[in-house]
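Scroll down for the structure; my scribbles are underneath it.
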Amino acid sequence: MNELDSRQQSFRILVVEDEEGIQELLRFTLEKQGFVVEMAASVEQAEEMLEISIPHLLVLDWMLPGESGLTWCRSLRRRDNIQALPIILLTARGEEGDRVHGLESGADDYLVKPFSPRELVARVQALLRRSQGGLTPNRLQIGELHIDTKAHRVTLQGDPVAMGPTEFRLLRLFASNPDRVYSREALLDLIWGRQSYVEERTVDVHIRRLRRCLEKVQYAHIIETVRGEGYRCNPVPPPVAVPSDLP
Ligand code: CA
């Protein structure tokens, strides 16, 4: 098992590559790291997949049959819902001019074939770190509330705090970026993987559920509503209860 945190398991990467050998290398390398890999052999196929859901990262070959990766990359950057998608461009060319051309097309990074699997993984991780605001450490803590991101367990002073998988992912995200305000749209992207059929009010439903789970241990207040903006984590533990029968 690799050293990477479990949140990485849920990152989905769309690979657009037409050469079978490289497809296999990419799939093998990325799946070994726990990423969910989707494969398309052309821009046309990739477009169909984007209709269904938008991945967390795109690995895009420059030279493809039909529309080139470079042209497609440029057009993706003009679309509102895809602008922020991290893109690594693959190419057999290595000239400096091509590199600049590639980055000008809107790609975030650029990898020249033949590349080593290790280099690919390093680039993917660096880009996800940049775009996701950091991979989550194994353990997070807010006051006495412990979040084990590997075992997917939440405990308060050793006692389990029950919650569903979506509520857990929300809590893990909030706790790993305290004070950061997340819009409903951002939460849909990060938790649901931008599946087009999930509505924004779904976010509110799961936030309510999360608060109900946390309420039982007096931690509901850590999930704050920011009016007109979304939600954030207020990482302040509850005040220590003073027994009422004290003098
Ligand atoms: Ca190719």
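Note on the range 103-184: with charges restricted to the Cβ of Lys and Arg (+1) and Asp and Glu (-1), its dipole about the Cα centre is near 180 debye. Counted over the chain, the DSSP beta bridges are approximately 50% antiparallel.
Using the Cβ-Cβ distance between Thr166 and Glu104 with R0 set to 41 Å, the FRET efficiency works out to roughly 0.60. With the highest mean first, a sort of the peptides 225-234, 182-191, 207-216 on other beta-carbon atoms found within 10 angstrom per residue produces 182-191, 207-216, 225-234. Translational diffusion of the chain was estimated from the Stokes-Einstein equation, with Rh taken as the Kirkwood radius over Cα pairs; at 25 °C and 0.890 mPa s the coefficient is 124 µm²/s. Each Lys and Arg Cβ is given +1 and each Asp and Glu Cβ -1; about its Cα centre, the range 3-132 then shows a dipole of about 540 debye. With bins 10 Å wide beginning at 0, the percent of Cα pairs of the range 3-132 falling in each bin runs 13, 50, 34, 4.
Within the full protein context, the accessible area of Met163 is estimated at about 50 Å² for a probe radius of 1.4 Å. Taking only protein heavy atoms and a 1.4 Å probe, the accessible area of the chain is 49% carbon and sulfur.
When the Cα positions of Gln157, Phe35, Tyr110 are compared along the charge dipole of the chain, Gln157 comes out farthest toward the positive end, with charges on each C-beta of Lys, Arg, Asp and Glu. Taking 0.36 nm per residue of separation and subtracting the Cα-Cα distance, full extension of the segment from Glu229 to Glu119 would add 35.8 nm. For His56, the solvent-accessible surface with a 1.4 Å probe is about 10 Å², rounded to the nearest 10. When the residues Asp80, Asp159 are ordered by accessible surface, computed with a 1.4 Å probe over the protein chains alone, the sequence from largest down reads Asp80, Asp159. Building the convex hull from the alpha-carbon atoms of the range 139-233 and averaging its projection over directions returns 5.7 nm². Rounded to the nearest 20 debye, the dipole size of the chain about its Cα centre is 940 debye, using +1 on the Cβ of Lys and Arg and -1 on the Cβ of Asp and Glu.
Straight-distance candidates among the aspartates and glutamates for linking to Lys150, with alpha-carbon spacing under 20 Å and chain neighbours fewer than 8 residues away dropped: Glu3, Asp5, Glu31, Asp159, Glu167. Think of the range 139-233 as a dipole: +1 on every Lys or Arg Cβ, -1 on every Asp or Glu Cβ, centred on the Cα centre; then among Leu188, Thr202, Ile147, Ile147 lies furthest on the positive end.
Here's the picture: charge each Lys and Arg Cβ at +1 and each Asp and Glu Cβ at -1 in the chain, and of Gly69, Thr91, Asn81 the one pushed furthest to the positive end of that dipole is Asn81. Ligands, DNA and RNA are left out, and with a 1.4 angstrom probe the accessible area of the chain is 52 Å² per residue.
The values are calculated or read from the model by the stated rules, or taken from the named source; none is laboratory data. Owing to the predicted nature of the structure, the values given are computational and were not obtained by experimental measurement. In this analysis, Cβ positions are derived from the backbone assuming ideal geometry, glycine residues included, and neighbour counts consider all displayed protein chains. When the accessible area is computed, the model is the full protein with side chains, heavy atoms only, and any ligands, DNA or RNA have been set aside. Shrake-Rupley method; radii C 1.70, N 1.55, O 1.52, S 1.80 Å.
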